[in-house]
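Okay, so here's the structure we're looking at.
The values are calculated or read from the model by the stated rules, or taken from the named source; none is laboratory data. Just so it is clear, the model here is predicted, and its values are computed rather than measured. Note that we place each Cβ from the backbone using ideal geometry, even for glycine, and neighbour counts take in every protein chain shown. Note: areas computed on protein heavy atoms with side chains; ligands, DNA, RNA excluded. Shrake-Rupley method; radii C 1.70, N 1.55, O 1.52, S 1.80 Å.
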Amino acid sequence: MSLSQSIDFDLDLINRYNTAGPRYTSYPTAVQFHEGFGAERYAEIARETNASGRPLSLYFHIPFCDTVCFYCACNKVVTKDRTKAKPYLDRLYKEMAMQGALFDKNRPVTQLHWGGGTPTFISHDEMTELMGKTAEHFGLLDDDTGEYSIEIDPREVDDSTLGLLRKLGFNRISLGVQDFDEKVQKSVNRVQSESLVLGVLEEARSLGFRSTSVDLIYGLPHQDRKTFGDTIEKIIKVDPARISVFNYAHLPDRFKPQRRIEEEALPSPGEKLAMLQQTIQQLTEAGYVYIGMDHFAKPDDELAVAQRDHTLYRNFQGYSTHSNCDLVGLGSTSVGVVGNSYSQNHHDLEKYFQCIDDGKLAVFRGVELDADDVLRRDVITRLICHFELAFEDVEKVHGIKFTDYFARELKELKPMEDDGLLKVSGNTITVQPAGRLLIRNICMTFDRYLREATEQRFSRVI
Ligand code: SF4
């Protein structure tokens, strides 16, 4: 393992730097999206990107779930009524026709993702139709070289689902597992047996899915080091290429389903940190490398290879190996990253339907990046993906003198350097093993909007 992929768990530092901050799946973050940016400007920018010939990445949001998980913070519609999918998919096809007309058909779709909600909520016929319609409007690859992935709820899979998905062109799955402990599962209303989950993973492998990814959550009711440690051990045995371990944030005022979580049964902050520390130890001992934020991967997985080669990228779906794409968001809530802009569709299904029925794109807000945003996004992406940044590389792309442009930021990094989180030597910033879990704090130094918000707060107080 290279130095840049090793990780130190320093409890004292973690406690000291434990502040809330963005996860930087975008920069500027969604807080900066505004309704002054709408469908017309989005369409202009989309057409302009055709000159680049860049590949496309497509994201489809399927918002339905059969039952609610109490920890959920996603945008979804909980219903047992499967007929609800059809009117939604009809709008999605119309949106696809409008979006598809903006982009040259010869731009290859190197990345495609179905997320939710629960993408496997829709029927097999609907899955086939959705992929078929996509091929009518976009240049899908048919040689299995793309990164085509889907989020799987193991409870929504029957004997033929995975085979069908593979046939439709998917070659990666991510599986929501969370925890195998029955008491924990019951307390969050997501009961799925271990044999079901392990069966799905094994079947995916035998069908030739290239990468299997498992999502776990720590910080749920009734969890402790013992229960969570057992879950990790069982997952390690089935050997998925990627494992994500998310921290449950209990915010019942913001997310209604979380009000049904038994607060007294939540682990203490100290126990949560102990679970995290134990998880890191278990996974690294089993040969996984820490990619960053909540993600671990096998050393030969594309993500780990891309991190070593400095080609790793981060977007709304997490880490990715496809940096040079325009991301087209389809469906309610979806976010697009096209040219130097972010754009988002209506969350509300009624509003989304109304726009599409009126023959308009459903983009209701977004932001265009200026040169400073593009530069800072590049700096944050390099740090969060590679834990290393050579001033020269940034200077070449953006035509600035790094030490002049970021003089203030470099000064602000000094206390973190003294704490051993990073090293600034010569013309390079290198995040140290103790700083890798705190990468958000390092990135926050380069976030102009956070600084402006802090300055405004202070001036108000004074
Ligand atoms: S966690 Fe996923 S499956 Fe559960 S309610 Fe939320 S979106 Fe649906």
- request: Tell me the strands (runs of 3 or more DSSP E) entirely within region 364-442 that contain at least 2 residues that are hydroxyl-bearing (S, T, Y) and more than 30 Å from G38 (Cβ to Cβ).
  value: 428-431
- prompt: Taking region 12-44 as the search range and keeping residues that are hydrophobic (A, V, I, L, M, F, W, C) and under 20 Å from Y352 (Cα atoms), which one is surrounded by the fewest Cβ atoms within 10 Å (Cβ to Cβ)?
  reply: A30
query: Within region 183-224, how many residues are in contact with a Phe, Trp or Tyr (Cβ under 7 Å, 6 or more places away or on another chain), within 16 Å of the ligand (Cβ to nearest atom) and part of a helix (DSSP H, G or I)?
result: 0
- request: Considering every residue within region 50-68, establish whether at least one is among the polar types (S, T, N, Q) and outside any helix (DSSP H, G or I).
  value: yes
query: Taking region 116-132 on its own, how many of its residues are crowded, with 21+ Cβ neighbours inside 10 Å and either basic (K, R) or in a loop (DSSP other than H, G, I, E, B) (or both)?
result: 3
- prompt: Do the conditions hold for H113, that is, is it open to solvent by less than 70 Å² (accessible area, probe 1.4 Å), under 22 Å from I152 (Cα atoms), away from the ligand (no atom under 16 Å from the Cβ) and modelled with pLDDT of 95 or more?
  reply: no
task: With the condition kept exactly as written, say whether any residue in region 225-244 is among the aliphatic types (A, V, I, L, M) and within 16 Å of the ligand (Cβ to nearest atom).
output: no
- request: Hey, can you tell me all the residues within region 74-87 that are away from the ligand (no atom under 15 Å from the Cβ) and either open to solvent by less than 10 Å² (accessible area, probe 1.4 Å) or touching a helix residue (DSSP H, G or I) at 6+ places or on another chain (Cβ under 8 Å) (or both)?
  value: K86, P87
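Being within 22 Å of I235 (Cα to Cα), over 22 Å from the mean Cα position of the chain (by Cα) and among the small types (G, A, S) narrows it down to one residue among S149, S187; which is it?
Exactly one residue qualifies, and that residue is S187.
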field: Which numbered condition Q99 misses (of (1) away from the ligand (no atom under 16 Å from the Cβ); (2) closer than 27 Å to F255 by Cβ; (3) of a type outside the set (S, T, Y); (4) surrounded by 17 or more Cβ atoms within 10 Å (Cβ to Cβ))
entry: (2)
statement: K105 passes all but one of the listed conditions (1) within 8 Å of the ligand (Cβ to nearest atom); (2) out of contact with any Phe, Trp or Tyr (no Cβ under 6 Å at 6 or more places or on another chain); the exception is number (1)
